[in-house]
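What follows is one structure encoded as structure tokens, with my remarks underneath.
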Amino acid sequence: MSQFADGGIVGSKPYTSSAQYIKKMGPYCKGCHYIPNAKIGKDACPFNALYWHFHVRNRTKLERNPRIGMAYRTWDKMAPEKQQALLETAEMNLD
């Protein structure tokens, strides 16, 4: 889920969600074959990798926003192999 189509005119930050948030907010994961806790791979919930894909793709526009700096600090601490795996998983779901 992302509400930043206007580029930040109305909202002060993009609202993006991983599978854990979606699972916590309601019954949306019931009956789904994806694994909400899994971050990479074909059985991983696509929202996990797509969350990172969105932030990486829009980093130059968003990284100075103090409300989402923690996301970029978390990304920067990840091993390059994990970053690559997340981006590949996202691309697999976008194709």
Subset of segment 43-69, residues of a type in the set (A, V, I, L, M, F, W, C) and farther than 14 Å from Y15 by Cα, comes to A44, C45, A49, V56
On the basis of being closer than 23 Å to D95 by Cα, of a type in the set (S, T, N, Q) and either modelled with pLDDT of 95 or more or loosely packed, with under 11 Cβ neighbours inside 10 Å (or both), does N48 make the cut?
yes
Do we find that K82 is surrounded by 11 or more Cβ atoms within 10 Å (Cβ to Cβ), basic (K, R) and in contact with a helix residue (DSSP H, G or I) (Cβ under 6 Å, 6 or more places away or on another chain) in this structure?
no
Do you know which of the residues in segment 16-45 that are farther than 21 Å from A79 by Cβ and within 10 Å of the chain's Cα centre (by Cα) is surrounded by the most Cβ atoms within 10 Å (Cβ to Cβ)?
T16
Being out of contact with any Ser or Thr (no Cβ under 9 Å at 6 or more places or on another chain), basic (K, R) and on the phi < 0 side of the Ramachandran plot is the requirement here; does K39 meet it?
no
Of the residues in segment 46-95, those that are touching a residue at least 24 places away in the same chain (Cβ under 8 Å), of a type in the set (A, V, I, L, M, F, W, C) and farther than 19 Å from A5 by Cα come to A49, A85, L86, L87, A90, M92
When segment 85-95 is checked residue by residue, the ones that are surrounded by 14 or more Cβ atoms within 10 Å (Cβ to Cβ) and of a type in the set (A, V, I, L, M, F, W, C) are A85, L86, L87, A90, M92
Output the number of the condition that A79 fails; it satisfies all remaining conditions of (1) closer than 25 Å to K24 by Cα; (2) at pLDDT 95 or above; (3) of a type in the set (A, V, I, L, M).
(1)
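The values are calculated or read from the model by the stated rules, or taken from the named source; none is laboratory data. A quick note: this is a predicted structure, and the numbers were derived from the prediction, not measured. So basically every Cβ, Gly included, is an ideal-geometry build from the backbone, and we count neighbours across all protein chains shown.
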